[in-house]
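Read-outs: derived from the displayed coordinates by stated rules, not from any lab. The structure presented is a predicted model; accordingly, all values stated were derived computationally and were not measured. Because the Cβ atoms are built from the backbone with ideal geometry, glycine has one as well, and the counts that use them run over all protein chains shown.
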Amino acid sequence: MRGFGVPADNEQGLIGSVQQGPARRPESAARSAAAGLAGDAEPPPAGAGGRIGRRTFLLAGSAAAALAGTGSLKGLLGSSAPKAAALPADPTVAGQWTAPFDLTLISIHAVMLHTGKVLLFSWPNNTVGSDAVLYDPVSGSVTSIPLNYQRDIFCGGMTVLPDGRVFIAGGHIYLSPILRTEGVANTTLFDPASSAWTEGPTMDVARWYPTSAQLGDGTVRIFGGVMNNSTDAITVDAYDPSANTLTTLPASASKVMYLYPRLKLTTSGLVAWTNMGTTYFFNPATAVWATGPRLTSGGRGERDTSVLLPGLTKIMEIGGKVSGAAVKTAEILDLSASPLAWKTTASMNFARWWHNAVLLADGTVLVVGGGASGAYGAPVLTPEIYDPASATWTQMAPQAAPRMYHSTALLLPDGRVLSAGQSHGSLQNTGEIFSPPYLFAGPRPTITGAPASIGYNQQFTITTPDFASIGRVALVKAGSVTHSCNFDQRYVDLTYQSNGSNGLTATSPPDSNHAPPGWYMLFILSSGVPSVASWVQVG
Ligand SMILES: [Cu+2]
């Protein structure tokens, strides 16, 4: 239903189209040129409408909802309310949620920092720059750290750099008129050590909804997004964190990539783009694209979520918008297979878009939030876990708050999951924490010693009294997420053996394309139960 000024369906819809029917993508000279360049004549994918006014939708939606008095939990839960009111499920089977708690802002962007804090940010709210906080999942404290200069980093792309700083590419033009949506060419750096925000170098073009992707050499490529409501940002920029410089790649790299393209660094060093109709692989060494297989779904648009599964050879695309509707389906591309082909895997129990996928400490995938109508309609409160080993989905206990458009979800170092945000409704400033069933499955192994940093392909010692029972050792690159797009999460299994006395001898990742440099959460698991993670800097 199109209530309260919220767009009924297409978040990418032009403002006018909200009232006037299906959105039409703005055609631009840039788009046509790039389409010709790439030889990609396929029609705009599902979910690709024109694209201005997200923020307008959100503000209008919130304001209208407040005026209409619909901000109650009951109103938000809608038809899913009975599920939330059901008897508590057994946490050993369905996990357990905390009640919603106040985070003081809408967690539109979330980054897991190696300090153990979570960086959350949103658009400016009567502050000089974007609102931001550090949330401490251990103490529960929330510390305000807004930008102290005029910049709106909402709508930027995020990459956690090898040293743990956060690089943010682009964003939203500061205090732009409400009916306009434009990007900025600025980049922004956040230093967890000092909580300081600083300006980075300037990109060649303004970008709104770009994706930044870290390469194995620790540099970052910035893809896609739009310059404004009628012009795509087609060039690719390269950020070198050690020199703090930005350069623009040759024209062979240029491509229309829409909004927050879902990109994954593969173990071959190629960057795979997988959420639209056709898969593409970008070769950073040559700045040239290669065409891969078509998705079985025909493309899942800009509301799907995707994840690189443990093992690092399979990319999974989950839900999203297919033929105009939210879907339950999921598909997997096995990069080690020949010929390359997407294959359908088991469907979720619920159709979703604007959901998030979180790699859990045991290598399973939690899909949380999302809904089936518009930006905030028909929320799905029941998360589900995909087990890659059995290709099955298991429903979890329902959460209290809808977490659809502008929601986020991250794995925490203690194995729990923070689910937060959605820019609509009375619970929009809240988060909830989910404890997966593995936290109710027996005693947790403990890491009593681990190195603070490791290189590649080298042995290192993990001290643990549980050495005899450890069944899995993994490094999980901490996540950074917005708009159902997680830029950083990655699950890297390690080989290991017990040393027979006080710990394990593990072997670090073979190279930086398996585990790009940066901070990882080291988990050991016993009978499927993870330890609390130890932070390790890889590279
Ligand atoms: Cu948005």
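Things to note:
- Cβ pairs under 9 Å, 6+ apart, first in the stretch 477-497 and at positive phi, second more than 16 Å from the ligand (Cβ to nearest atom): S484/S306; S484/G319; S484/A357
- Answer residue from the stretch 120-154, given it is under 17 Å from H483 (Cβ atoms) and touching a Lys or Arg at 6+ places or on another chain (Cβ under 8 Å) and is surrounded by the most Cβ atoms within 10 Å (Cβ to Cβ) among those: S130
- Test set (1) under 20 Å from W519 (Cα atoms); (2) hydrophobic (A, V, I, L, M, F, W, C); (3) part of a loop (DSSP other than H, G, I, E, B) - V128 fails condition number: (1)
- Unique match (being surrounded by fewer than 23 Cβ atoms within 10 Å (Cβ to Cβ) and within 19 Å of G116 (Cα to Cα)) among V538, V481: V538
- Scope the stretch 455-476; condition touching a residue at least 60 places away in the same chain (Cβ under 8 Å), under 30 Å from the mean Cα position of the chain (by Cα) and buried (at least 16 other Cβ atoms within 10 Å of the Cβ); matching residues: Y456, I462, R472, A474, L475, V476
- The strands (runs of 3 or more DSSP E) falling completely within the stretch 261-318 that include 3 or more residues that are of a type in the set (S, T, N, Q) map to 278-283.
- Whichever residue in the stretch 93-111 is assigned to a loop (DSSP other than H, G, I, E, B) and away from the ligand (no atom under 16 Å from the Cβ) and, among such residues, is farthest from I385 (Cα to Cα): T104
- Single residue of the stretch 328-366 satisfying the filter (free of Cβ contacts under 8 Å to residues at least 24 places away in the same chain and hydroxyl-bearing (S, T, Y)) that is nearest to Q395 (Cα to Cα): S336
- Comparison of F154, F167 shows that the only residue that is in a strand (DSSP E or B) and of a type outside the set (G, A, S) is F167.
- Qualifying residue in the stretch 145-152 (condition: of a type in the set (S, T, Y), within 15 Å of the ligand (Cβ to nearest atom) and in contact with a Phe, Trp or Tyr (Cβ under 8 Å, 6 or more places away or on another chain)): no
- Filter pass, D163 being among the acidic types (D, E), out of contact with any strand residue (DSSP E or B) (no Cβ under 7 Å at 6 or more places or on another chain) and buried (at least 17 other Cβ atoms within 10 Å of the Cβ): yes
- Residue in the stretch 126-144 that is farthest from the ligand (Cβ to nearest atom), counting only those that are among the small types (G, A, S), more than 23 Å from M227 (Cα to Cα) and more than 19 Å from the chain's Cα centre (by Cα): S139
- Residue list for the stretch 411-444, restricted to those being over 16 Å from Q96 (Cα atoms), away from the ligand (no atom under 16 Å from the Cβ) and not small (G, A, S): P413, L427, N429, T430, P443, R444
- Some residue of the stretch 204-219 being surrounded by fewer than 21 Cβ atoms within 10 Å (Cβ to Cβ), over 17 Å from the mean Cα position of the chain (by Cα) and within 16 Å of the ligand (Cβ to nearest atom): no
- Qualifying position, being part of a strand (DSSP E or B), surrounded by fewer than 19 Cβ atoms within 10 Å (Cβ to Cβ), out of contact with any His (no Cβ under 6 Å at 6 or more places or on another chain) and hydroxyl-bearing (S, T, Y), among T408, T394: T394
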